[in-house]
Amino acid sequence: IWGVDVTTSTCRVYASFQSWMSAQSVGYGGEVGAVKKIDQNLYDNIPVTDARKYLYYAEETKYSGWTLPALANQKFKYVAEFLGDYIYMRAAEMYLTEAEALVMDGKTGEAQLVLAEFMVTREPTWTGSASKNYVRLQRRIELWGEGFGYFDHRRWQMDMNRGY
């Protein structure tokens, strides 16, 4: 929906989002070794039938000239010369925001329809039901690494617990 087309004149190379987030880049998030990994618990909660499960390496993997740890992300693909565009807002965010608003308003039937439309391209066999916890899980899975976690947890008045 909204983003920025990164060009050779606007690219920040090692200071770019792609350098920090792409495990396949020669930047900080890849070859340099500051690899961004999904949380084990969150990864375990993604069904094997969900296409998003395969946005992360299930086990340690050799990539180019370096080794990526298990759970390293493939979500942010490297584009040559760090020219990957910046995405500020995706349609997926709007689906999940609408579903969350409907659930919070007690309209779970309507939220179910929104989630069904959203999930068809992620998990075609999806038959789940709309609930606060389910929508929150879908936001965590879909928007991982995009900067939403802190603000979501503030809005939900929930702690961010990553210690198991």
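The values are calculated or read from the model by the stated rules, or taken from the named source; none is laboratory data. For clarity, every value in this text was computed on a predicted model and none was experimentally measured. Because the Cβ atoms are built from the backbone with ideal geometry, glycine has one as well, and the counts that use them run over all protein chains shown. Only protein heavy atoms, including side chains, enter the accessible area calculation; ligands, DNA and RNA are left aside. Shrake-Rupley method; radii C 1.70, N 1.55, O 1.52, S 1.80 Å.
Brief remarks follow.
- So Trp126, is it surrounded by 12 or more Cβ atoms within 10 Å (Cβ to Cβ) and touching a strand residue (DSSP E or B) at 6+ places or on another chain (Cβ under 8 Å): no
- Considering residues of segment 48-75 that are open to solvent by less than 60 Å² (accessible area, probe 1.4 Å) and among the basic types (Lys, Arg) only, the residue farthest from the chain's Cα centre (by Cα): Lys53
- Residue among Ala58, Ala91, Ala80, Ala15 that alone is within 18 Å of Val135 (Cα to Cα), out of contact with any Phe, Trp or Tyr (no Cβ under 7 Å at 6 or more places or on another chain) and small (Gly, Ala, Ser): Ala91
- Residues located in segment 1-42, provided they are acidic (Asp, Glu), under 17 Å from Pro69 (Cβ atoms) and open to solvent by 90 Å² or more (accessible area, probe 1.4 Å): Glu31
- Selected residue (only one of Glu146, Glu117 is surrounded by fewer than 19 Cβ atoms within 10 Å (Cβ to Cβ), free of Cβ contacts under 8 Å to residues at least 60 places away in the same chain and closer than 10 Å to Tyr95 by Cβ): Glu117
- Filter result for the condition that a residue is in a loop (DSSP other than H, G, I, E, B), within 30 Å of Thr7 (Cα to Cα), hydroxyl-bearing (Ser, Thr, Tyr) and open to solvent by 60 Å² or more (accessible area, probe 1.4 Å), over Tyr78, Tyr95: Tyr78
- Residue that is modelled with pLDDT under 95, aromatic (Phe, Trp, Tyr) and part of a helix (DSSP H, G or I), where the choices are Tyr150, Tyr164: Tyr150
- Filter result for Ile87 (open to solvent by less than 40 Å² (accessible area, probe 1.4 Å) and either among the charged types (D, E, K, R) or not in a loop (DSSP other than H, G, I, E, B) (or both)): no
- Residue selected from segment 129-143 under the condition touching a Ser or Thr at 6+ places or on another chain (Cβ under 9 Å) and surrounded by 15 or more Cβ atoms within 10 Å (Cβ to Cβ), by the criterion modelled with the lowest pLDDT: Ala130
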